[in-house]
Amino acid sequence: MPNDLERTAIADQDVDFHVIDRVAAEVLETMFFTEAVANGCDHAWFGSAITARIQFEGSHVGQFLLGVSLDAARSMAAGFLGLAEDEMTEKDCRQVILELSNILCGSVLSNRWPDSRLSLAPPELAGCNCCKEHAVHRCFALTEGALSVTICCADAPEPRV
Amino acid sequence: MAFSVLIVDDSPVMRGFIRRVMTLSGFEAGDCWEASNGEEALAQLREHEVDVILTDINMPKMNGEELLRQLETDARLRSVPALVISTDATKDRILRMISLGAEGYITKPFTPEALREELERILGESHAQ
């Protein structure tokens, strides 16, 4: 039986999952014209993914990590820019994924902690950002490809096993 | 009647998206200027007549908060309405931007309809198609 502290950590993680799922679906549908459905983790696509990172500090300290499979990145970037995929450069595609990480990060964090005061660093392209310990991690199936969100927080609860 | 707009955001793809969304929302945009931070925005405002400013908050050199402070200190620019478009939905941030003089605040993600409603409210329906 989990004790009170463990029950609180489990409840917090359920809230984290709910907020990430809701915000990701809303952001991707409204501004990137694709559907996102929470899905089991299968990180085979990570090798060729475009990945971005945003550091944040203030009332909470940590980093937000986004991974997008290459096919999904190109499709979403084209939708965001209103261009056909063959009219778009690789730089365009990377800039749209950086903007997506910025929107997702700001929206997830401010919805999760509405009374917080946070400062977000500019998004940057990062190396592979697979699931890490002491982090909240979600994977999504998109219309074309896959996407993952990971939030590593200095005050995050232990991950649920 | 067309209106002139200044879009202030450090992301060029976001500036392009806002332009496109304004068109999709049915607004008749006249001149559309762009700036990647508050400093560039002030320079654009000194050169051009602008009906409304759409500004992000987190930007290098001069952020959206400082831009609003600077607008308040300028007798000519004080009357130009500013609409904040940001990912930050925290109460503290929204209240702070409104207290600094923002006429409205839209959180990303936003729909073309939401942007149109805010622009109509700020500019008046005479500016809408």
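By the count of neighbouring beta-carbon atoms within 10 Å, fewest first, A:Asp86, B:Asp9 end up ordered A:Asp86, B:Asp9.
Let me know the charge dipole size of the range B:3-127 about its Cα centre in debye, to the nearest 20, where only the beta-carbon of Lys, Arg (+1) and Asp, Glu (-1) is charged.
Details: 14 positive and 23 negative charges, 50 e Å.
The calculated dipole for the range B:3-127 is roughly 240 debye.
Do any GluC sites (Glu not before Pro) in the range B:25-87 lie in a DSSP loop with no more than 15 other beta carbon atoms within 10 Å, and if so, which? Don't skip to the answer; put the middle values down first.
Working: sites: B:Glu28, B:Glu34, B:Glu39, B:Glu40, B:Glu47, B:Glu49, B:Glu65, B:Glu66, B:Glu72; in loops: B:Glu28, B:Glu49.
Here the sparse-neighbourhood loop sites are B:Glu28, B:Glu49.
Here the protein assembly as shown is treated with +1 on each Lys and Arg Cβ and -1 on each Asp and Glu Cβ, and its dipole about the Cα centre works out to around 360 debye. Taking every alpha-carbon pair under 8 Å whose residues sit at least 6 apart, the range B:3-127 reaches a relative contact order of 25 percent.
Candidate cross-link partners of A:Lys91 among the aspartates and glutamates, defined by an alpha-carbon separation under 14 Å and a same-chain spacing of 8 or more, comprise A:Glu99, A:Glu124. For B:Val80, the amide hydrogen comes within under 5 Å of no other amide hydrogen, counting only partners 5 or more places away or on other chains and with H modelled in the peptide plane. Just checking the listed ones, B:Leu71, B:Leu42, B:Leu95: in the Gaussian network model of chain B with Cα springs under 10 Å, the one fluctuating most is B:Leu95. Under a 5 Å amide H cut-off, with hydrogens placed 1.01 Å from N, A:Ala146 pairs with A:Ser69, A:Ala72 among residues at least 5 apart or on other chains.
The alpha-carbon of B:Lys91 sits under 13 angstrom from the alpha-carbons of these aspartates and glutamates, leaving out residues fewer than 8 places away in its chain: A:Asp115.
FYI, it's all coordinate maths here, none of it is from the lab. Note that the structure is predicted; figures quoted are calculated from it, not measured. FYI the Cβ positions are ideal-geometry reconstructions off the backbone, even for glycines, and counts take in every protein chain you see.
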